[in-house]
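Asks: Let me give you the structure first, and then I'll get to my questions.
Derivation of every value follows stated rules applied to the coordinates shown; laboratory data play no part. Remember, it's a predicted structure, so these values are computed and weren't measured experimentally. A quick note on method: Cβ atoms are made from the backbone with ideal geometry, for glycine too, and the neighbour counts reach across all protein chains shown.
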Ligand code: DC
């Protein structure tokens, strides 16, 4: 697959519930860029592996499952074989399954080309854990978005309550801790800031403020005018 490396990519990596998805959407909208929600690909793999009854420890089968995925991403929804799975893949259970299968190198490798294919003109905003370190190491702007665990737990709690899903703040906090440590301590492509990433702490910043900071950085880097 040939990739046009002159097409700009902005990477936004960070822990669960740091707000990277909303920031990526806002930045992409302001710039008219495409978006890659890489976590959705891990979640789709988890969902499909479960549906197919694949052993979640079987790296080879999981990689084959990831390669065979044929999702359709529209502006706000994700479909698999014409089935709208947007809400299903957002469930905490699927997020945890995605995190549990994400350490397998063969699975990560199977998703690489698919992720890089999102790099299309006029540009891409990619969010995940390893966008700046592994998937787009040549990205001209890399952001590492962090927020303390209490701020992230509160955000996740509010999202769930707004969706009408019962939620327990303490359980969410414990879950975030567990997922952070699994994502950051795995051997392959762990959650980590790239050496040339700019860290933004969003614990006390609103979404619009974070988006504005990223857009300022993009201007300062000459990615956009
Ligand atoms: O960003 P998210 O919560 O939708 O991601 C779900 C899981 O997928 C996350 O806990 C770890 C994995 N993931 C990954 O390993 N690498 C990525 N680039 C994105 C997600």
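Asks: Of everything in the range 114-130, what is over 23 Å from residue 68 (Cβ atoms) and surrounded by fewer than 16 Cβ atoms within 10 Å (Cβ to Cβ)? Give them in sequence order.
Replies: Passing the criteria: 121, 122.
Asks: Then there's this: Which ranges mark the helices (runs of 4 or more DSSP H) fully within the range 13-108 that have 2 or more residues being surrounded by fewer than 20 Cβ atoms within 10 Å (Cβ to Cβ) and within 11 Å of the ligand (Cβ to nearest atom)?
Replies: Fully inside the range 13-108 and qualifying: 92-101.
Asks: Moving to a separate point now. For the range 15-29, name all the residues that are in contact with a helix residue (DSSP H, G or I) (Cβ under 7 Å, 6 or more places away or on another chain) and at negative phi. Can you show your working first?
Replies: Quick first cut of the range 15-29, residues in contact with a helix residue (DSSP H, G or I) (Cβ under 7 Å, 6 or more places away or on another chain) only: 15-19, 22-23, 26-27.
Residues satisfying the conditions are 15, 16, 18, 22, 23, 26, 27.
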